[in-house]
Structure formats: C-alpha cells, structure tokens
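Encoded as structure tokens, the structure appears first; notes follow it.
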Amino acid sequence: MNWRGVAIAAFILVAALLQVGVATQLGLPLVAPDVMLVAVIAVALRRGGTIGALVGVAAGLLSDLLPPSASLLGVSAIAFGVVGGVTGWLASRDKKRNQFNYWRAVGFTVIASIAALLINTGVVAVFDSERLVTNNFALTLLWQGAYALVLAAVLVPTYAWIDRVTAPVNVVTRR
C-alpha cells in the first residue's frame, strides 16, 4: 500500500477541516488564512512539482466545493495547481544545488500564497468580472502573506515529518 498517498490525502483533508472549521471562523481582517493552499505548498516543497500540481488541483477543487467558497468552480484548482507545480519545481531545483533550507521553504510559501491570490483574482477577472472586488487589494495581499508565514511555520515541518515517517523502508535480505 502506498502510505505516502494516504498521508497526503489525510493531510489535505485535515487542512480542509481546519479551513472550514477554524480559519473562516476566526474573524481576521480582510481575508481568512488559506490553510489548504499552505498544505498544498508544503506537499509540493517536499514531493516536487508533479505531485504538487496534482495535489494542488485536487485540493483546489475541494476548496471550491467547501461552504464559504464564493468563487467559480475550478478557479482555486487552477491557482493551487499552478502554485503547487511551480513551487515543487523550484524547490527540487534548489535541493539539487544543496541550497534548500527551512527559511527558503517559508519564503517559497509566502511568495506562492501571494501568487495564488493573484492568479485567482486574474482568473476571476477574466471569467466573471462582476464578482471581482478589489477594495484594499494591496492590503489583502499583505495579510495573505502574513497568514501564510504563520501557517508555514507549522505546516511545512509537520508535513516534512509525515513524509519522513511514511517513507518506504528498504528491506535487505541476505542469501
């Protein structure tokens, strides 16, 4: 059985529960923290671009179906998929150069979270400009980055630990 796949699915489902049950109920200014997006970025940082993009699309569709969502179906899937893929690709490039560390992961998370909000806003502007609300957009980007910074401090190491625990064990047999 592929325990990593099960772990990723469980991690995203817990993030979805935290998104609906906690993050949207906090009453924070301008925008609720996007727990699911940071969870996708945490998976992408550890597993790479392909897994990051696939998990991003699945989590984005789930995010669009959850109750507080007001966006078009598939908008978050596009944003999460692009951000997951690009973040995973950049992280794997840094790992090959031995330049990847915890602070880079947090930086990737903040930048990717802001990029996802920009992608989401761009797609909504193209397809449904009547829903586009841009009051205090720069402030919204700032808060999104701040929330991502706090969430990354918890979710990135948590998923790194989960990924290490669910790593396949090589069994060596003697003949």
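Structural remarks
- Of all residues in segment 72-102, those being over 17 Å from the mean Cα position of the chain (by Cα) and small (Gly, Ala, Ser) number 0.
- The set of residues in segment 62-91 being open to solvent by less than 60 Å² (accessible area, probe 1.4 Å), within 15 Å of LEU17 (Cα to Cα) and not in a helix (DSSP H, G or I) consists of LEU66, SER69.
- Tally of residues being surrounded by 13 or more Cβ atoms within 10 Å (Cβ to Cβ) and in a loop (DSSP other than H, G, I, E, B) across segment 92-118: 1
- Residue that is farthest from ILE78 (Cα to Cα), among those in segment 119-175 that are part of a loop (DSSP other than H, G, I, E, B) and modelled with pLDDT of 75 or more: PRO168
- Meets criteria (in contact (Cβ under 8 Å) with a residue 40 or more places away in the chain, in contact with a Phe, Trp or Tyr (Cβ under 6 Å, 6 or more places away or on another chain) and either outside any loop (DSSP other than H, G, I, E, B) or open to solvent by less than 50 Å² (accessible area, probe 1.4 Å) (or both)) for ALA59: yes
The values are calculated or read from the model by the stated rules, or taken from the named source; none is laboratory data. For clarity, every value in this text was computed on a predicted model and none was experimentally measured. Neighbour counts run over all protein chains shown; Cβ positions are idealised from the backbone, glycine included. Please note that ligands, DNA and RNA were not included when accessible areas were found on the heavy atoms of the full protein model with its side chains. Shrake-Rupley method; radii C 1.70, N 1.55, O 1.52, S 1.80 Å.
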